[in-house]
Amino acid sequence: MVFTDCDLDGVGSYCVFKWFTGNKDIPCEITTVNNFRKTFTTWLQNNKLSNYERVFIFDLDVHECADLVDDSKITIIDHHETHVDNAKYNKATTILKTYTSCSKLIYKELSKVYPKVKLTPQQKLLILMIDDYDCYELKVPHSYDLNIVLWSYKGKRLEKFVRDFGTGFYGFTSFHQNMIDFNYKKIARLKRECKVHQASIPIGGDTYKFVSTFADSCINEMADYILDVHDGDIGLVVNVRTKKVSFRKNKRVKINLGKLANRLTDGGGHEYAAGGMLNENFLEFTKLFQPID
């Protein structure tokens with residue numbers, strides 16, 4: 001059994017794992033860090049760990065759920081720095097390393113375990129694209145568009161991604177391209193309509209320009225937009241529908257967003273991209289912001 005994050009890296013981690021193990025029918029549950037406890041507890045109500053040879057958890061910082069997952073039947077593979085720094089497991093098998101993506105970490109680790117398995121150029125390209133997007137370098141062509149396709153699927157996102165890219169990246173179909181084109185038009189509309197707030201916040205002896213907006217889709221795109229247009233240091237996108245806050249930053253900024261998100265929103269993530277929940281602490285923080293005309 002596999003539990004993995006619902007984002008591109010989580011889905012990619014599942015694909016890489018299947019390629020190396022050769023198992024085409026591994027059951028998988030996609031979830032998020034904030035929903036993991038509920039997802040795993042619900043699964044345990046109908047399943048017993050003793051009935052499974054192994055349960056894997058990919059791309060999820062579950063250190064706060066150690067009471068649930070610290071079991072000899074469980075293997076946890078993750079690349080988030082907050083997980084590496086805070087993990088305390090006694091029984092679970094863990095591979096926790098700060099890495100650009102969990103997909104790439106699994107590829108590196110399983111290459112040692114299965115030295116005879118040779119991935120195709122298309123499979124390696126898909127890993128590169130996922131890794132490029134997850135660390136948000138955006139240097140590999142179409143990695144940005146690949147993420148658009150994933151989030152454009154309606155229902156059964158994991159299954160549809162595996163159906164379309166389960167053997168690697170061979171290019172986009174006309175159906176995928178229509179998804180991408182529609183998304184770009186949507187982004188253009190959101191940019192025209194968005195309202196932006198700003199605040200100058202002192203952190204560690206320096207003052208940083210925070211910019212924020214509201215959006216319930218195209219989160220990365222909107223964060224990039226407000227950072228670029230308003231020359232911000234740190235961008236916040238608040239999703240009122242899901243009660244989540246997403247953190248992004250200008251590449252010149254040295255602040256670790258994972259730690260900042262943990263402090264402000266009980267969240268976490270990467271140095272360059274993170275998220276958390278809309279809580280009382282964050283609402284108090286937003287009182288420092290003023291609208292930009």
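Select from the range 170-213 the residues that are in a loop (DSSP other than H, G, I, E, B), charged (D, E, K, R) and surrounded by 12 or more Cβ atoms within 10 Å (Cβ to Cβ) and list them in ascending order.
none
(1) surrounded by fewer than 18 Cβ atoms within 10 Å (Cβ to Cβ); (2) more than 30 Å from Lys73 (Cα to Cα); (3) free of Cβ contacts under 8 Å to residues at least 24 places away in the same chain: which one isn't true of Asp132, the others all being true?
Every listed condition holds for Asp132 apart from (1).
Can you name the residue in the range 274-291 that is over 12 Å from Leu236 (Cβ atoms) and of a type in the set (A, V, I, L, M) and, of all such residues, is surrounded by the fewest Cβ atoms within 10 Å (Cβ to Cβ)?
Residue satisfying both the conditions and the ranking: Leu283.
Out of Phe210, Phe161, Phe214, report the one residue that is within 20 Å of the chain's Cα centre (by Cα), within 28 Å of Lys249 (Cβ to Cβ), among the hydrophobic types (A, V, I, L, M, F, W, C) and assigned by TED's automatic domain parsing to the domain that holds Lys251.
Only one candidate qualifies: Phe214.
Taking the condition outside any helix (DSSP H, G or I), surrounded by 16 or more Cβ atoms within 10 Å (Cβ to Cβ) and of a type in the set (Val, Ile, Thr), does Ile106 pass?
Criteria not met by Ile106.
For the range 243-262, does any single residue satisfy the condition of being closer than 16 Å to Ala199 by Cβ, aliphatic (A, V, I, L, M) and assigned to a strand (DSSP E or B)?
yes
For every residue, the table says whether it meets (1) surrounded by 16 or more Cβ atoms within 10 Å (Cβ to Cβ); (2) out of contact with any Lys or Arg (no Cβ under 8 Å at 6 or more places or on another chain); (3) assigned by TED's automatic domain parsing to the domain that holds Asp9.
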{"site": "Lys73", "(1), (2), (3)": "yes, no, yes"}
{"site": "Asn86", "(1), (2), (3)": "no, yes, yes"}
{"site": "Asn90", "(1), (2), (3)": "no, yes, yes"}
{"site": "Ser101", "(1), (2), (3)": "yes, yes, yes"}
{"site": "Lys112", "(1), (2), (3)": "no, yes, yes"}
{"site": "Leu119", "(1), (2), (3)": "yes, yes, yes"}
{"site": "Gln122", "(1), (2), (3)": "no, yes, yes"}
{"site": "Ile127", "(1), (2), (3)": "yes, no, yes"}
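Restrict the check to the range 18-33 and report whether at least one residue is out of contact with any Pro (no Cβ under 7 Å at 6 or more places or on another chain), farther than 24 Å from Tyr144 by Cβ and small (Gly, Ala, Ser).
Yes: one or more hits.
Counting just the residues of the range 22-41 that are touching a helix residue (DSSP H, G or I) at 6+ places or on another chain (Cβ under 8 Å) and within 22 Å of Phe169 (Cβ to Cβ), which one comes out modelled with the lowest pLDDT?
Across the range 22-41, the extreme among qualifying residues is Lys24.
The values are calculated or read from the model by the stated rules, or taken from the named source; none is laboratory data. Since the structure is predicted, the reported quantities are computational estimates derived from the model, not experimental observations. All Cβ positions, even for glycine, are placed from backbone atoms using ideal geometry, and neighbour counts span all protein chains on display.
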